[in-house]
Amino acid sequence: MDFISKNFVYKTLPLRDLIERAAKEENTEYFLNSHEYYYLRSLGSDPRGREIADVKKQFPSIASDITVPKFFNDKDFFSSVFRIGSSGVQLWTHYDIMDNILIQICGKKRVTLFSPDDALNMYLVGDKSLVIDIDNPDLNKYPRFRNVKRYECMMEPGDILFIPALWFHNALALEFGIAVNIFWKHLPHDLYDKKDPYGNKDLVPAARALLAVENAVKQLDVLPEEYRQFYGKRMITALENRFTKR
Ligand SMILES: O=C(O)CCC(=O)C(=O)O
Ligand SMILES: [Fe+2]
């Protein structure tokens with residue numbers, strides 16, 4: 001999946017049909033073409049997406065099939081999300097702001113992780129990396145991606161991967177797959193954005209800081225280009241001096 005060219009569309013299907021279609025490479029019933037891929041990221045039942053995904057609430061008859069390991073306190077639970085997809089679907093590299101366990105239920109999946117320390121090498125737009133093809137990256141366009149340290153694992157049914165908050169991850173399904181991931185709040189709850197059904201909005205102080213930077217950059221717009229560039233560089237220096245550049 002490519003969030004830049006948007007090579008996907010959102011459609012509705014009963015869960016049974018989704019599973020049947022996603023498990024096959026070719027389908028007689030389809031939306032766009034008989035070889036299309038499917039990916040479900042479950043949500044809450046509120047169509048405006050304000051309810052939080054919870055397998056226990058939205059899929060009560062099958063929820064007890066999963067035993068969630070006790071990695072966190074019940075009061076910190078945020079959401080449990082179904083991830084069901086065709087073989088070959090690759091989810092773009094992104095970070096989430098909560099600690100997370102990804103439970104693989106069926107199918108093989110390759111998960112590639114990059115440390116938050118590599119944030120400057122990831123070419124981020126929001127929570128996503130512009131480097132879509134991590135196996136064959138365009139190093140002319142994204143030269144610093146050459147420096148990243150890559151961590152890779154193969155997940156098989158029954159495997160659980162701990163994905164710490166801020167760690168970039170990219171998931172490539174090597175077979176039709178069913179997974180559930182669970183996000184929880186490992187920081188004081190008031191730091192999290194209350195209107196965040198996906199669990200991927202930046203922490204409140206971080207979002208404020210990012211907005212302040214954008215506003216600061218806008219202040220320079222009234223200056224001649226030469227000055228804008230110069231003070232842009234001074235801002236970069238100010239930030240570089242405050243944060244370790246790894
Ligand atoms: O398994 C996937 O398809 C994606 C998993 C993911 O992004 C997550 O657990 O946060
Ligand atoms: Fe994720």
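Observations, loosely collected:
- Neighbour cut-off at most 10 other Cβ (10 Å), DSSP loop, trypsin sites (Lys or Arg not before Pro), region 158-230: K194, K195
- Straight-line cross-link partners of K233 among the aspartates and glutamates, defined as a Cα under 15 Å from its Cα and at least 8 positions apart when in the same chain: E214, D221, E225.
- Counting only residues at least eight positions apart within a chain, or on another chain, the aspartates and glutamates with an alpha carbon under 20 Å from that of K108 are E20, E25, E26, E36, D65, D133, D135, E152, E156, D159, E175.
- Normalised contact order of the chain, rounded percent, pairs of Cα under 8 Å and 6 or more residues apart: 24
- Region 91-172 - percent of accessible surface contributed by carbon and sulfur, probe 1.4 Å: 54
- Distance from the alpha carbon centroid of region 119-183 to that of region 184-208 works out to 21 angstrom.
- Bridging of K57 to lysines at a Cα separation below 22 Å is possible for K11, K70, K75, K185, K194, K195, once same-chain residues fewer than 8 apart are set aside.
- Two-site label geometry, I4 and A209: point separation in nm, points 7 Å out along Cα→Cβ: 2.7
- Mean separation of Cα contacts under 8 Å, 6 or more apart, over the residue count of region 105-188: relative contact order %: 53
- Region 8-86: relative contact order in percent, alpha carbon pairs under 8 Å with at least 6 residues between: 35
- Simple spin-label estimate for N200 and D138 gives 2.1 nm between the two label positions (7 Å along the Cα-to-Cβ direction from each Cα).
- Here, the chain has an Rg and a Dmax of 20.2, 64 Å when only alpha carbons are counted.
- For region 21-152, the extents of the C-alpha atoms along the principal axes are 50, 46, 30 Å, listed from largest to smallest.
- Proximal charge balance of A212 [Cβ under 15 Å; K/R count +1, D/E count -1]: +1
- Per residue value of the accessible surface for region 48-191 (all protein chains in place, 1.4 Å probe), Å²: 49
- In the frame of its principal axes, region 60-101 has Cα extents of 34, 29, 14 Å, reported largest first.
- Expected 222 nm ellipticity per residue - DSSP helices of 4 or more, -39500 (n - 2.57), all of the chain, to 500: -6000 deg cm²/dmol
The values are calculated or read from the model by the stated rules, or taken from the named source; none is laboratory data. In this text the structure is predicted, and so the values were computed from the model without any measurement. Cβ coordinates were reconstructed from backbone atoms using ideal geometry, including for glycine residues, and neighbour counts include every protein chain displayed. Each accessible area value is taken on the protein alone, full model and side chains, heavy atoms only, with ligands, DNA and RNA left out. Shrake-Rupley method; radii C 1.70, N 1.55, O 1.52, S 1.80 Å.
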